[in-house]
Amino acid sequence: GAVVSQHPSWVICKSGTSVKIECRSLDFQATTMFWYRQFPKQSLMLMATSNEGSKATYEQGVEKDKFLINHASLTLSTLTVTSAHPEDSSFYICSASLLEGRSYNEQFFGPGTRLTVL
Amino acid sequence: TQLLEQSPQFLSIQEGENLTVYCNSSSVFSSLQWYRQEPGEGPVLLVTVVTGGEVKKLKRLTFQFGDARKDSSLHITAAQPGDTGLYLCAGDGTSYGKLTFGQGTILTVHP
């Protein structure tokens, strides 16, 4: 249980185009989903927190108009990188929070999406 | 702002050696998770510790949560090349659901 999928696993796009990344919790309903960015050999950097049916909460320094997040259901959140530029190239990872039946929060991560902007 | 200091940042050891990774904070966490991540993949949850003083064992891995719930350690006995990866600790603190991550420990176990 507690499986999270991400699609696509990798994407290469031209500068100026937009890219959409999907995050799905496959076998549970997620209270909250999170989007992270990770640079090589570094820890995860939280970009935003997403709750179903409400606006995402962005971390300081993350442009909400650049990184659009939509959380349409309890099992699906999407991250759209708009007008992507080479500096947006990175490894993007989502996680889903499993709370039902638990007294503490645990996050389960997707396999990540490697974005390369040419 | 909560901080979680993880050390060491890099660890390169020979197969069969023991090692310990530490995570320390001045803040109290309601729970703390340990993850392992391989290159090009997402982090995989190893364990969650919740109670102060708790010790959990997962085969050769031993996880401890400090009595005050401000620190944690991961001890690996007789490390194997398959243990190679990035180890991350993450604490659940005041912002419910939002984890504070340590800087990560890159472990390399040489055969």
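Would you mind listing the strands (runs of 3 or more DSSP E) fully within the stretch B:27-108 where at least 1 residues are more than 26 Å from A:Lys41 (Cβ to Cβ) and of a type outside the set (D, E, K, R)? Reasoning before the result, please.
Details: elements: B:31-37, B:44-49, B:55-58, B:61-65, B:71-76, B:85-92, B:99-101.
Output list reads B:31-37, B:55-58, B:61-65.
Does the stretch A:92-101 contain at least one residue that is more than 15 Å from the chain's Cα centre (by Cα), touching a residue at least 24 places away in the same chain (Cβ under 8 Å) and assigned to a loop (DSSP other than H, G, I, E, B)? Write out each step before concluding.
Taking the stretch A:92-101 and keeping what is more than 15 Å from the chain's Cα centre (by Cα), we get A:98-101.
So of that shortlist, the ones also touching a residue at least 24 places away in the same chain (Cβ under 8 Å) come out as A:98-100.
Add one more test, that the residue is assigned to a loop (DSSP other than H, G, I, E, B), and what stays is A:99-100.
So far as the stretch A:92-101 goes, yes, one or more of its residues are more than 15 Å from the chain's Cα centre (by Cα), touching a residue at least 24 places away in the same chain (Cβ under 8 Å) and assigned to a loop (DSSP other than H, G, I, E, B).
Would you check which residues across the stretch A:10-55 are farther than 16 Å from A:Val117 by Cβ, hydroxyl-bearing (Ser, Thr, Tyr) and in a loop (DSSP other than H, G, I, E, B) and list them?
Within the stretch A:10-55, A:Thr31, A:Ser43, A:Ser54 meet the criteria.
For the stretch B:1-46, which residues satisfy the criterion of being more than 10 Å from chain A (Cβ to nearest Cβ) and within 12 Å of the chain's Cα centre (by Cα)?
B:Glu5, B:Ser7, B:Pro8, B:Leu19, B:Thr20, B:Val21, B:Tyr22, B:Cys23, B:Asn24, B:Trp34, B:Arg36, B:Leu46
Restricted to the stretch A:96-117, and to residues that are at the interface with chain B (Cβ under 10 Å from one of its Cβ atoms) and at pLDDT 95 or above, which residue is surrounded by the most Cβ atoms within 10 Å (Cβ to Cβ)?
A:Gly110
Just the residues that are open to solvent by 20 Å² or more (accessible area, probe 1.4 Å), on the phi < 0 side of the Ramachandran plot and among the small types (Gly, Ala, Ser), please, taken from the stretch A:2-42.
Scanning the stretch A:2-42 gives A:Ser5, A:Ser9, A:Ser15, A:Ser18.
Taking the stretch B:78-108 on its own, how many of its residues are closer than 17 Å to B:Glu5 by Cβ, open to solvent by 10 Å² or more (accessible area, probe 1.4 Å) and among the small types (Gly, Ala, Ser)?
Going through the stretch B:78-108 one residue at a time, the tally reaches 1.
Could you give every pair whose Cβ atoms fall below 7 Å, whose first residue belongs to the stretch B:49-72 and is closer than 17 Å to A:Asn105 by Cα, and whose second residue is assigned to a loop (DSSP other than H, G, I, E, B) and among the basic types (Lys, Arg), counting only separations of at least 6 or pairs across chains?
B:Gly52/B:Arg69
Filter the stretch B:33-70 down to the residues that are touching a Pro at 6+ places or on another chain (Cβ under 8 Å) and crowded, with 21+ Cβ neighbours inside 10 Å and list them by number.
From the stretch B:33-70, those touching a Pro at 6+ places or on another chain (Cβ under 8 Å) are B:35-37, B:41-42; that's our starting set.
The answer is B:Tyr35, B:Gln37, B:Gly42.
I'd like to verify a number: residues in the stretch A:62-76 that are part of a loop (DSSP other than H, G, I, E, B) and either farther than 24 Å from A:Thr116 by Cα or open to solvent by less than 80 Å² (accessible area, probe 1.4 Å) (or both), how many?
Of the stretch A:62-76, the ones part of a loop (DSSP other than H, G, I, E, B) are A:62-66, A:74-75.
Next, only the ones that are either farther than 24 Å from A:Thr116 by Cα or open to solvent by less than 80 Å² (accessible area, probe 1.4 Å) (or both) stay: A:62, A:66, A:74-75.
Looking only at that region, the number is 4.
Here are B:Gln14, B:Gln2, B:Gln9: which of them is of a type in the set (S, T, N, Q), out of contact with any Asp or Glu (no Cβ under 9 Å at 6 or more places or on another chain) and either at positive phi or at pLDDT below 95 (or both)?
Values: B:Gln14 fails: either at positive phi or at pLDDT below 95 (or both); B:Gln9 fails: either at positive phi or at pLDDT below 95 (or both).
Answer to the selection: B:Gln2.
The values are calculated or read from the model by the stated rules, or taken from the named source; none is laboratory data. Computed from a prediction, not measured in an experiment: that's the story for all the values here. Positions of Cβ are generated from backbone atoms using ideal geometry, with glycine treated the same way; all protein chains shown enter the neighbour counts. Heavy atoms of the whole protein, side chains included, go into the accessibility calculation; ligands, DNA and RNA do not. Shrake-Rupley method; radii C 1.70, N 1.55, O 1.52, S 1.80 Å.
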